[in-house]
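The values are calculated or read from the model by the stated rules, or taken from the named source; none is laboratory data. Source: prediction; values computed, not measured. Every residue, glycine among them, receives a Cβ derived from its backbone with ideal geometry; neighbour counts consider all protein chains shown.
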Amino acid sequence: METLSSRVVAFLSMLISTGALAVQPHAKNIHLLSSEEHKFILNLGHKEIPRDCYDLWEGSGAKSPDGVYLIKPADTPIVAYCAMQEGGWTVIQHITVNSSVDFDRSWEEYKLGFGSLTGNHWLGNDYIHQLTVGPGRYKLGIKLVDKDAVTKTGEYDPVLVEGEDAQYRLRLGLYQGTALDALTLDPENYLHDNQKFTTKDRDNDNYYQNCAKLQFQGVAGGGWWYDACAGANLNRRNVIYWQKDCNKEHLCKYAWMMVKPSETVKIIRPADCKRDEL
């Protein structure tokens, strides 16, 4: 005989599946979505939460659509935008030139994230650290789109953003891509690799002034891994800056920063090795 509790469970499941009873998202950075946008979370109500977007992309057989998902890089779930059509990248930043979202934010705001996941946003340094610290090695992807819709991309492999005790220092590996390498190689000696994060209220750069406060056309630079000051800055909302690819002479319309696990290293077993004769 069917018990009352089983009928209640079945009824609640029906309400959830039909949308009559909304599942409330439990995510530490849910402030990156408005209450109306909670329904956009594509895996809301699922029992298992993936570590990152790539985990979910791989588990779906590369069939998951782009959108907002719950992921769990550490102990507590967060929401993030997943670029599934590009291979399961977890988006950590998106900016549109002259964005209405202000990137001139405090240390605490950059720590926990701001903006909207469905538009311009910064995921949060705490969560970028949780993602890149592993387990396993991660890489950083950059995507730039200029005013003529020309797209340039690049990857740094590996990437690590250290924890808050290390001021979210950026660690980068080898670079490849169609965009210039603006983070680890700069002709003006603006080296962003190995730099601590700086905001308007936390100066960790190598300049005599706070680089995050320096203005261009009345707009401050925003938080970034400054040197003295920048060969690249994707958080300046009036001019997206990436050396010669994006600047005030060559305007870019959009920029994205994304992370995903590095490709799995192939393990070569002794039986696979053949002797080479010289």
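Some points to look at:
- The one condition in (1) touching a residue at least 40 places away in the same chain (Cβ under 8 Å); (2) surrounded by 23 or more Cβ atoms within 10 Å (Cβ to Cβ) that residue 164 fails to fulfil: (2)
- Filter result (out of contact with any Asp or Glu (no Cβ under 7 Å at 6 or more places or on another chain), touching a residue at least 24 places away in the same chain (Cβ under 8 Å) and either among the aromatic types (Phe, Trp, Tyr) or part of a loop (DSSP other than H, G, I, E, B) (or both)) within region 194-220: 194, 196, 197, 201, 204, 216
- Flag for residue 131 being within 22 Å of residue 90 (Cα to Cα), modelled with pLDDT of 95 or more and in contact with a Cys (Cβ under 7 Å, 6 or more places away or on another chain): no
- Evaluation of residue 100 against (1) within 30 Å of residue 202 (Cα to Cα); (2) among the small types (Gly, Ala, Ser); (3) modelled with pLDDT under 95; (4) in contact with a helix residue (DSSP H, G or I) (Cβ under 7 Å, 6 or more places away or on another chain) (one fails), failing number: (4)
- Test result for residue 141, touching a residue at least 24 places away in the same chain (Cβ under 8 Å), assigned to a strand (DSSP E or B) and of a type in the set (Gly, Ala, Ser): yes
- Looking across region 62-102, the residues that are of a type outside the set (Ser, Thr, Tyr) and under 24 Å from residue 165 (Cβ atoms) come down to 71, 72, 73, 74, 75, 77, 78, 80, 92, 93.
- For residue 45, the conditions (1) at pLDDT below 95; (2) under 22 Å from residue 224 (Cα atoms); (3) touching a helix residue (DSSP H, G or I) at 6+ places or on another chain (Cβ under 7 Å) are fulfilled apart from (2).
- Counting only strands (runs of 3 or more DSSP E) that sit wholly inside region 49-98, those with at least 1 residues that are under 22 Å from residue 125 (Cα atoms), over 12 Å from the mean Cα position of the chain (by Cα) and among the polar types (S, T, N, Q) are 89-96.
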